[in-house]
Structure formats: structure tokens, C-alpha cells
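Just below is one structure, and these are the notes that go with it.
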Amino acid sequence: MTQRPATDQTDHPHRNRLSDKGTVGLATALPTDDAANTTCVEAGGVEAGRQRLDKWLWCARFYKSRTQAARLCADGLIRLNRMPVTKAAQMVKPGDILTFSWGNRIRVVQVARLAERRGPADEARGLYTDLRPVAPSAPMLAEAAGAPA
């Protein structure tokens, strides 16, 4: 058995950096620059007018979880501009057309804007434009045909 040599904690430049009395937390120990701040924003979702497909579907309240949306993407059940998507990290932008199953219907929506967060349903409805007209209910069909209801 080999033993590691005993070292003093002060000989390593990164060890005990946060335990100094002058630092409060990780943010004070790390250098701050604009590049680090932009990567945090990019990792959070909306970057340069694009967003991950699974996150957008979750924020638009089509699926209850990002995992569910990601699974459908991986299975190839979602189409982006008529092309099947095979990865959840596919980026979407305003103007893209999405086709996917939702319940027992096929939804065709156009991305109107990107989501900053998963908000209430009214806010989620503003994220997309529904491209399929709503099918009229059965009583309306009977009236249009002239048949008695």
C-alpha cells in the first residue's frame, strides 16, 4: 500500500479558497466578467432568439413535464417545419411550424414568441398561433346541413 505524502493545505492554490474569512460565497470567489454572465443566460433558455424545443413545449403548456416533451422528441413524434425531430435540444425560433400529437388530436402550431418562464395558461397561449381551425361541434354541423336538431 502506498501512502500519499502529507501536504499542507496552503500549498494548493485552489484548496480552501472559499473558507477565507473575507469571502462570503462562491460568487465572491469567482472572477466576474461579461462572458460568464452571458453563458448563464444562454444555459437558462432563450439565447439569440432561439430556445430548446422541449422547454418551449413545456412552457407553452402542451406537456406536463420537460421529460415528457423530451421523450416525444427522442421518439420522433414531433415535427419541426415538416421534418421529424429526434433530439430535445433542437432549437426553435419564432415562425417555426410544429406538428405533434396532443391527446387524441394532431396539433399544428406556429411559434409566435419564445418563453422566459412557464407562466399561467393565458400567457402560454400567447406563445403560439394555432394553424388548424377548431372543428365545429356536432349541433353546428346539423344546422349547416339543414337537418333538424
GLU116 vs (1) open to solvent by 100 Å² or more (accessible area, probe 1.4 Å); (2) at pLDDT below 80: all pass except (2)
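Filter region 48-77 down to residues that are out of contact with any strand residue (DSSP E or B) (no Cβ under 7 Å at 6 or more places or on another chain) and not in a helix (DSSP H, G or I) and give me whichever is farthest from ASN104 (Cα to Cα). Explain how you work it out, then say what you get.
We begin by selecting, within region 48-77, every residue out of contact with any strand residue (DSSP E or B) (no Cβ under 7 Å at 6 or more places or on another chain); these are 48-49, 54-55, 57-59, 61, 63-71, 73-75.
Adding the requirement that they be not in a helix (DSSP H, G or I) leaves 48-49, 61, 63-65, 75.
Working: ALA48: 34, GLY49: 31, ARG61: 16, TYR63: 13, LYS64: 16, SER65: 18, ASP75: 17 Å.
Only one residue tops the list, namely ALA48.
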| Residues in region 53-63: is at least one loosely packed, with under 10 Cβ neighbours inside 10 Å and modelled with pLDDT of 90 or more? | no
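Tell me, please, whether a residue that is modelled with pLDDT under 55 and open to solvent by 100 Å² or more (accessible area, probe 1.4 Å) can be found in region 18-25.
Looking only at region 18-25, we keep the residues that are modelled with pLDDT under 55, and these are 18-25.
Adding the requirement that they be open to solvent by 100 Å² or more (accessible area, probe 1.4 Å) leaves 21, 24.
So far as region 18-25 goes, yes, one or more of its residues are modelled with pLDDT under 55 and open to solvent by 100 Å² or more (accessible area, probe 1.4 Å).
Report those strands (runs of 3 or more DSSP E) wholly inside region 78-129 carrying at least 2 residues which are more than 15 Å from LYS55 (Cβ to Cβ) and free of Cβ contacts under 8 Å to residues at least 60 places away in the same chain. So that I can check it myself, show each step before the final result.
On the way: elements: 78-80, 97-102, 105-111.
Once the strands (runs of 3 or more DSSP E) in region 78-129 are filtered for at least 2 residues that are more than 15 Å from LYS55 (Cβ to Cβ) and free of Cβ contacts under 8 Å to residues at least 60 places away in the same chain, what remains is 97-102, 105-111.
The values are calculated or read from the model by the stated rules, or taken from the named source; none is laboratory data. What you see is a predicted model, and the numbers here were worked out from it, not measured in a lab. So basically every Cβ, Gly included, is an ideal-geometry build from the backbone, and we count neighbours across all protein chains shown. Accessible surface areas use protein heavy atoms only, side chains included; no ligands, DNA or RNA. Shrake-Rupley method; radii C 1.70, N 1.55, O 1.52, S 1.80 Å.
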